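Colleague: Supplied in structure tokens, the structure appears directly below.
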Amino acid sequence: MGGGWVEYNAPFANIISVKLSKEEVLKIAKLAKLKLIDAEVIKYQEQLSDVLSYVQKLNELDTADVLPTLQVTGLKNVFRDDKVDKSRSIGSKAGKYFETEAIF
Amino acid sequence: MNVQELSIKDALVLLQNRKVSVVELTKAYLDRIEELQPKLNAFITVCGKEALERAKWADGMIAKDGKEAFKKYPLLGIPYAAKDLFCTKGIETTAGSSVLRGFIPEYDATVIKRLNEAGAILIGKTNCDAWGHGASGENSDFGPTRNPWDLERVSGGSSSGSAAAVAASLAAFATGTDTGGSIRNPASFCNLTGLKPTYGRVSRYGVVSFASSLDCMGHLAKTVEDCKLILSITEGKDPFDATSAVGKSIFSVETLHATSLRREHPLRVGLPREYFGEGVNKEVSDTVKAAAGKLEELGHKIEEVSLPMTEYGVATYYLLAPSETSSNLSRYDGIRYGNPRSEFGEEAKRRIMLGTYALSAGYYDAYYEKAQKVRTLMINDFVKVFSKVDVLLAPVAPCSAFKIGEVVSDPLRMYMMDVLTIPSSLAGLAALALPAGFSKEGLPVGMQLIGPQWSEELLFKVGKKYQEATDWHKKVVTTFKVVT
């Protein structure tokens with residue numbers, strides 16, 4: 001067996017238990033444009049509640065004076081020079097018009 | 001010629017000295033795919049016809065220009081596999097999901113384009129957890145990939161097929177993606193060397209997005225040297241990816257790694273105590289500690305360090321990543337391309353819903369923004385540690401490959417599999433996974449070298465030295481059967 005790790009239990013000592021209602025699950029599914037059957041609603045209700053309970057762990061940390069990290073590159077306003085790059089323009093035989101295949 | 005014994009560098013030598021033609025080499029890999037694909041399920045699509053045509057072109061180049069051809073095309077004639085998240089023009093790209101079954105991209109991902117332009121030969125698209133969601137390969141809508149070292153076990157995920165393919169020598173190397181550990185985990189389970197580049201080092205253009213602030217485009221191969229060669233082809237600013245950059249970091253550790261490179265022996269290698277603690281299988285822990293001993297023999301200084309925020313990684317990641325994926329997967333409406341959203345698998349639905357909840361009005365501050373703030377704290381952990389050591393050494397996964405079906409029924413337990421790879425992902429750091437030994441049962445145990453952003457050169461330096469002094473990475477599977 002993969003090294004007896006599977007029995008490890010400690011991380012799951014929950015502080016707060018989050019229990020989503022069926023209605024909440026259905027609302028989330030609607031927002032996410034996912035259709036769920038009854039059996040799925042029950043299953044996800046339990047699984048999502050488990051994960052949301054686990055992530056309450058983050059409340060152990062005081063982040064009042066901490067800035068959020070949105071991305072790790074520090075890049076801002078990634079622009080290119082406003083120069084025309086002819087190699088990227090769509091070829092056109094009709095001068096200033098675009099030519100495409102007929103639809104009808 | 002036995003392709004099992006070939007690294008990319010070995011293959012290039014054979015091709016340059018005309019010991020074997022590209023067509024012969026490609027056929028050798030294709031024959032192995034035909035034989036082993038039914039056992040491993042490493043591939044979703046095999047493009048043998050296209051590969052042989054490219055092989056003929058490559059042989060033409062060699063016939064015309066001889067060794068000069070290899071200067072122009074550094075990977076000339078080398079067959080590779082691409083994780084099915086990478087768009088390949090004219091070749092089905094499914095992302096491991098039924099939602100994109102039958103989808104044929106109109107363009108190549110930048111990584112694919114660069115590899116092809118370097119003369120490498122795409123041999124097939126590999127199986128993976130759908131959308132990159134997984135740490136075992138069991139969340140693929142095309143069946144799980146089996147570990148070549150023991151067919152009853154997972155090959156790791158989400159780059160499951162890529163790992164199995166390279167480990168079984170079905171390709172000389174394979175592309176992968178690492179968002180929370182998806183290259184390093186299967187590399188560790190399959191005895192391979194896998195690189196998770198610094199975030200932004202390799203273009204994400206044309207790769208199906210999982211979590212946009214975390215996705216890193218990397219690869220798996222048999223040696224550190226091979227990984228270094230592949231990175232030299234795939235890295236670099238791409239005008240099509242606004243998050244790609246050279247040397248850009250949110251925190252000023254650029255100078256730190258530069259100092260490390262200039263430093264003469266000894267390099268300082270830190271072992272984070274939280275990565276060797278209670279939650280990690282003792283055999284794995286001991287194997288990596290033995291590797292640390294080896295590094296010490298080679299002249300490096302080993303010291304224990306602490307990353308106290310480690311325990312918050314999984315909670316942080318499993319709020320940020322599902323949130324970002326719920327947004328990225330909203331484009332799959334089944335109208336413009338692809339199949340309906342009803343085709344999403346269980347894990348995809350789970351993550352989409354988790355993310356939708358965490359981002360919704362009234363919950364955004366408590367969940368998503370909170371996680372973004374903890375991300376800052378986790379990054380600070382690393383900034384502090386990299387002022388004391390040059391590089392970190394740690395296990396990749398808390399255990400070696402587990403049996404198919406053993407963990408997948410409990411999502412939260414599967415999420416814990418990423419505990420040792422998530423923190424470095426959150427910080428966008430460079431990380432190199434490489435073989436460290438084998439368990440009593442004969443299963444590979446991998447370790448990872450983690451460095452500051454843009455420190456890949458340092459990781460390659462340490463890793464190459466380790467591989468010159470050990471031969472774990474040279475071991476190959478001899479018989480493909482169920483072992484335990």
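The values are calculated or read from the model by the stated rules, or taken from the named source; none is laboratory data. These numbers were taken from a predicted model, which means no experiment stands behind them. Every residue, glycine as well, gets a Cβ built from its backbone with ideal geometry; the counts of neighbours run over all protein chains shown. Accessible surface is based on the protein model in full, side chains and every heavy atom, while ligands, DNA and RNA are left aside. Shrake-Rupley method; radii C 1.70, N 1.55, O 1.52, S 1.80 Å.
Colleague: Considering only DSSP beta bridges whose two residues both sit in segment B:1-152, what percent are antiparallel, to the nearest 5?
Modeller: 50 percent
Colleague: Quickly work out the A:ASN77-to-A:GLU23 label distance, labels modelled 7 Å from Cα along the C-beta direction, and quote it in nm with one decimal.
Modeller: Placing both labels 7 Å along Cα→Cβ, they lie 4.8 nm apart.
Colleague: Per residue of the protein assembly as shown, what 222 nm ellipticity follows from adding -39500 (n - 2.57) for every DSSP H run with n ≥ 4, rounded to the nearest 500?
Modeller: Taking each H run of at least 4 residues, the total per residue is -11000 deg cm²/dmol.
Colleague: Related question: Quick one: 3J(HN,Hα) in Hz for segment B:431-447, Karplus 6.51/-1.76/1.60 with θ = phi - 60°, rounded, Gly and Pro as x.
Modeller: After applying 6.51 cos²θ - 1.76 cosθ + 1.60, I find 9, 10, 9, 8, x, 10, x, 10, 7, 4, 7, x, 9, x, 10, x, 10 Hz.
Colleague: Relative to the Cα centre, what is the charge dipole magnitude of chain B, using +1 at the beta carbon of each Lys and Arg, -1 at the beta carbon of each Asp and Glu, and rounding to the nearest 20 debye?
Modeller: 740 debye
Colleague: Let me make sure I get this right: for segment B:21-145, a, b and c are the square roots of the gyration tensor eigenvalues over alpha carbons, sorted descending. Under 1.5 in a/c it's rounded, otherwise prolate if a/b > b/c, else oblate. Which is it?
Modeller: In terms of gyration-tensor shape, prolate.
Colleague: Also, quick follow-up: Keeping all protein chains in position, work out how much accessible area A:ASP65 exposes to a 1.4 Å probe, and write it in Å² to the nearest 10.
Modeller: Roll a 1.4 Å probe over it and A:ASP65 shows about 150 Å².
Colleague: Right, something else. Can you give me the convex hull volume of the Cα atoms of segment B:62-126, divided per residue and expressed in Å³?
Modeller: Residue-normalised Cα hull volume stands at 78 Å³.
Colleague: Continuing with the same structure: Efficiency by 1/(1 + (r/R0)^6): what FRET value for B:GLU304 and B:LYS89, r their Cβ-Cβ distance, R0 = 60 Å, to the nearest 0.05?
Modeller: With R0 = 60 Å, the Cβ-Cβ based efficiency is 0.75.
Colleague: Let me ask something else. Quick check: with the 1.4 Å probe, what order do B:LYS384, A:LYS35 take by accessible area, largest first?
Modeller: A:LYS35, B:LYS384
Colleague: Now a separate question. Please say if the protein assembly as shown is rounded, prolate or oblate, where rounded means a/c under 1.5 for a ≥ b ≥ c the square roots of the C-alpha gyration tensor eigenvalues, and otherwise the choice is prolate for a/b larger than b/c and oblate otherwise?
Modeller: Judged from the Cα gyration tensor, the protein assembly as shown comes out rounded (a/c under 1.5).
Colleague: Taking amide H positions as placed 1.01 Å from N in the peptide plane, with prolines and chain starts having none, which residues 5 or more places from B:PHE173, or on another chain, fall under 5 Å of its amide H?
Modeller: B:ALA81
Colleague: In debye, nearest 20, what is the charge dipole magnitude of the protein assembly as shown about its Cα centre with +1 on Lys and Arg Cβ and -1 on Asp and Glu Cβ, if you could check?
Modeller: Taking the Cα centre of the protein assembly as shown as origin, the dipole is about 1260 debye.
Colleague: What residues have an amide H closer than 5 Å to that of B:ARG268, excluding those fewer than 5 places away on the same chain, when H is modeled at 1.01 Å from N in the peptide plane?
Modeller: Result for B:ARG268 returns B:LYS301, B:ASP390, B:VAL391.
Colleague: Round to the nearest 10 and report in Å² the accessible area of B:ILE62, as given by a 1.4 Å probe over the protein chains' heavy atoms.
Modeller: It works out to around 10 Å².
Colleague: Please average, across the residues of B:344-351, the number of beta carbons from any other chain that are within 10 Å of each residue's own beta carbon, and give a whole number.
Modeller: 3
Colleague: Let me make sure I get this right: for chain B, a, b and c are the square roots of the gyration tensor eigenvalues over alpha carbons, sorted descending. Under 1.5 in a/c it's rounded, otherwise prolate if a/b > b/c, else oblate. Which is it?
Modeller: Verdict is rounded for chain B.
Colleague: Further question: Loop only by DSSP, 13 or fewer other Cβ within 10 Å of the Cβ. Give me the chymotrypsin sites (Phe, Trp or Tyr not before Pro) in segment B:30-136 that pass, ordered by residue number.
Modeller: Of the chymotrypsin sites (Phe, Trp or Tyr not before Pro), not one in the loops of segment B:30-136 has a Cβ with at most 13 other Cβ atoms within 10 Å.
Colleague: Count, for each residue of B:352-361, the Cβ atoms from other chains sitting within 10 Å of its Cβ, then give me the mean as a whole number.
Modeller: Partner Cβ neighbours, averaged per residue: 6.
Colleague: In addition: Near the amide H of B:ASP108, under 5 Å away, which other amide H atoms are found, from residues 5 or more places off or on another chain, if H is placed in the peptide plane?
Modeller: Those lying under 5 Å, H to H, from B:ASP108 are B:LYS89.
Colleague: Each label point is 7 Å from the Cα along the Cα-to-Cβ direction; what then is the distance between the points at B:GLU457 and A:ASN59, in nm?
Modeller: Label-label distance for B:GLU457 and A:ASN59, simple model: 4.8 nm.
Colleague: Using only atoms on other chains, find how many Cβ atoms lie within 10 Å of each Cβ of peptide B:312-320 and report the average.
Modeller: 4
Colleague: Here's something else I'd like to know. Quick one: net charge of B:ASP84's neighbours, Cβ under 9 Å, K/R +1, D/E -1?
Modeller: Result for the neighbourhood of B:ASP84: +1.
Colleague: Report the relative contact order of chain B, percent, no decimals, based on alpha-carbon pairs under 8 angstrom and at least 6 residues apart.
Modeller: 18 percent
Colleague: Taking every eigenvalue of the Cα gyration tensor of segment B:264-314, multiplying by 5 and rooting it, what semi-axes result, largest first, whole Å?
Modeller: Those come to 22, 15, 6 Å.
Colleague: Here is a further query. Just to confirm the filter: which GluC sites (Glu not before Pro) across segment A:16-104 are DSSP coil and have at most 13 other Cβ within 10 angstrom of their Cβ?
Modeller: Sparse-neighbourhood loop GluC sites (Glu not before Pro): A:GLU99, A:GLU101.
Colleague: If you don't mind, there's one more thing I want to ask. Within chain B, what percent of beta bridges assigned by DSSP are antiparallel, to the nearest 5?
Modeller: Approximately 70 percent, going by the DSSP bridge assignments.
Colleague: Roughly how big is the B-A contact, given as buried accessible area in Å² (both sides, 1.4 Å probe, nearest 100)?
Modeller: Separately minus together, B and A give about 5200 Å² buried.
Colleague: Moving on to the next point. Taking the Cα centre of segment B:355-484 as the origin, how large is its charge dipole in debye, to the nearest 20, when only Lys and Arg (+1) and Asp and Glu (-1) carry charge on their Cβ atoms?
Modeller: 260 debye
Colleague: Which order do you get for B:PHE438, B:PHE210 if you rank them by accessible area with a 1.4 Å probe, largest at the top?
Modeller: Result, largest first: B:PHE438, B:PHE210.
Colleague: Provide B:GLU343, B:GLU296 ordered by accessible surface of protein heavy atoms (probe 1.4 Å), highest first.
Modeller: Most to least solvent-accessible, the answer reads B:GLU296, B:GLU343.
Colleague: Still on this structure, I have one more. Using a 1.4 Å probe and ignoring any ligands, DNA or RNA, find the accessible area of B:GLU50 and quote it in Å² to the nearest 10.
Modeller: Surface accessible to solvent at B:GLU50 totals approximately 80 Å².
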